[in-house]
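**Student:** Mind having a look at this structure? Questions to follow.
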Amino acid sequence: MNIHEYQAKQVLKGFGAPVAEGVPITSADQAEAAAKQLPGPLYVVKSQIHAGGRGKGKFKELPADAKGGVRLAFSIEDVIKNAQEMLGNTLVTAQTGDAGKQVNRLYIEDGADIARELYCSLLVDREFGRVSFVVSTEGGMDIEAVAHDTPEKIKSVVIDPAAGVTDADVAAINDALALTGEAAEDGKSLFPILYKAFVEKDMSMLEINPLIVMENGRLRVLDAKVSFDGNALFRHEDIKELRDETEEDAKEIEASKWDLAYVALDGNIGCMVNGAGLAMATMDIIKLYGKEPANFCDVGGGAGKEKVAAAFKIITADPKVEGILVNIFGGIMKCDVIAEGVVAAVQEVGLKVPLVVRLEGTNVELGKKILNESGLAITAADDLDDAAQKIVAAIG
């Protein structure tokens, strides 16, 4: 689960991290009152969407030379003007795709005098099975570009979960970020704070880009991007309340209610598969035969009839879907259960696009019998290659 920048900063502030004062707003009418709560005279007006690259983004409804989704304002009048321009308009960034995201919230924040911009993130390092700090002196930039062009400027510090962030770890992070003086002293408190927040709130990623050294030599969290492990949200009711469903795909929201692994994609062939590896293989073979998958949908190994039917309904609700491929290998999951779920869903919502089903494994013959006797326009396939060719041919 992702949250907005202003929410992430409030979470981090609760652990003691240094963040600027700021006020979130949802309408331009609130801009003046929000700005008056801050010291000024420099303000930052920030679009709040679940995507990076906001500062370099462009608004669809504004002229090409208009400012991006993060703007400096040098008066309260500037804050109001920017809020009027930004709210309700669609911001396109490198991470949103061409469709962009509508800006429904802004964060009016107190400005900062920046001496240096740094990069700092925490994530689960799967190579070591531990949380790592990933840091760089090249903050404020596209970290992927830094990794590609100058990988030596990115350093990792792996944290021993039994010891937590030690003095040696802090020294290594400070050294990697070239922090000295008051900034290095701030690091001694900040880096353990970030680790504590990451672990206690079951984060899957915490990215601060940039982490800044201000002109007065102190550290400040200038931006924050946080994702949480969805499997652990039951332990954090306070975090669950921060979810903004307007930032999420409606199909993915519905899928989460059924505990389905579903990701919307841009293609036109809907996929329903059991098992992440099989799902990836199914999407690959669709691409091999010249088409694009419309989704990643893994119903899991123990899905029942109702869950399968729910997955089918979600797939058919996507207007981009021109055909559906169901590819099931029955181990724990039984083929007859899949067949019953598909039939139930088709009978309820109808079938307006070609449907190809490939079943293999436990109770496969019973599953095929259920499909064959359903009276529905379902095309059976013998194997994955046959299934892919049939669905691609069916949609032309």
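**Student:** Yes or no: the stretch 337-348 includes at least one residue that is in contact (Cβ under 8 Å) with a residue 40 or more places away in the chain and of a type in the set (Gly, Ala, Ser).
**Tutor:** no
**Student:** Quick check: anything in the stretch 178-189 under 27 Å from the mean Cα position of the chain (by Cα) and either at pLDDT 95 or above or not charged (D, E, K, R) (or both)?
**Tutor:** Scanning the stretch 178-189 turns up no residue that is under 27 Å from the mean Cα position of the chain (by Cα) and either at pLDDT 95 or above or not charged (D, E, K, R) (or both).
**Student:** If you take just the helices (runs of 4 or more DSSP H) that sit entirely in the stretch 323-396, which of them hold at least 1 residues that are among the basic types (Lys, Arg) and more than 22 Å from MET280 (Cα to Cα)?
**Tutor:** Passing ranges, in order: 364-372.
**Student:** Is it true that ALA309 is modelled with pLDDT under 90, touching a strand residue (DSSP E or B) at 6+ places or on another chain (Cβ under 8 Å) and small (Gly, Ala, Ser)?
**Tutor:** Against the criterion (modelled with pLDDT under 90, touching a strand residue (DSSP E or B) at 6+ places or on another chain (Cβ under 8 Å) and small (Gly, Ala, Ser)), ALA309 does not qualify.
Conditions tested, residue by residue: (1) modelled with pLDDT under 90; (2) crowded, with 23+ Cβ neighbours inside 10 Å; (3) not assigned by TED's automatic domain parsing to the domain that holds THR282.
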position: LEU325; (1), (2), (3): no, yes, no
position: PHE329; (1), (2), (3): yes, no, no
position: GLY350; (1), (2), (3): yes, no, no
position: PRO354; (1), (2), (3): no, no, no
position: VAL357; (1), (2), (3): no, yes, no
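**Student:** Would you tally the residues in the stretch 361-396 being of a type in the set (D, E, K, R), surrounded by 16 or more Cβ atoms within 10 Å (Cβ to Cβ) and under 21 Å from LYS305 (Cα atoms)?
**Tutor:** The qualifying residues number 1.
**Student:** Checking LEU72 against (1) over 23 Å from ASP244 (Cα atoms); (2) aliphatic (A, V, I, L, M); (3) free of Cβ contacts under 8 Å to residues at least 40 places away in the same chain; (4) buried (at least 18 other Cβ atoms within 10 Å of the Cβ), which test does it fail?
**Tutor:** (4)
**Student:** Looking for something in contact with a Ser or Thr (Cβ under 7 Å, 6 or more places away or on another chain) and either farther than 23 Å from ILE143 by Cβ or surrounded by fewer than 19 Cβ atoms within 10 Å (Cβ to Cβ) (or both) - is there at least one such residue anywhere in the stretch 213-229?
**Tutor:** Yes, the conditions are met somewhere in the stretch 213-229.
**Student:** Select, from GLY375, GLY367, GLY300, the only residue that is on the phi > 0 side of the Ramachandran plot, at pLDDT 85 or above and assigned by TED's automatic domain parsing to the domain that holds TRP258.
**Tutor:** GLY375
**Student:** What's the total number of residues in the stretch 79-114 that are without any contact (Cβ under 8 Å) to a residue 60 or more places away in the chain and aliphatic (A, V, I, L, M)?
**Tutor:** 9
**Student:** Do any strands (runs of 3 or more DSSP E) lying entirely in the stretch 189-273 carry at least 1 residues that are farther than 20 Å from ILE154 by Cα and free of Cβ contacts under 8 Å to residues at least 40 places away in the same chain, and which ones are they?
**Tutor:** By residue number, 261-264.
**Student:** Would you check if there is a residue in the stretch 282-289 being touching a helix residue (DSSP H, G or I) at 6+ places or on another chain (Cβ under 7 Å), modelled with pLDDT of 90 or more, closer than 22 Å to LYS251 by Cβ and not in a helix (DSSP H, G or I)?
**Tutor:** no
The values are calculated or read from the model by the stated rules, or taken from the named source; none is laboratory data. Remember, predicted model here, so these are calculated numbers, not experimental data. Note that each Cβ is placed from the backbone with ideal geometry, even for glycine, and that neighbours are counted across all protein chains shown.
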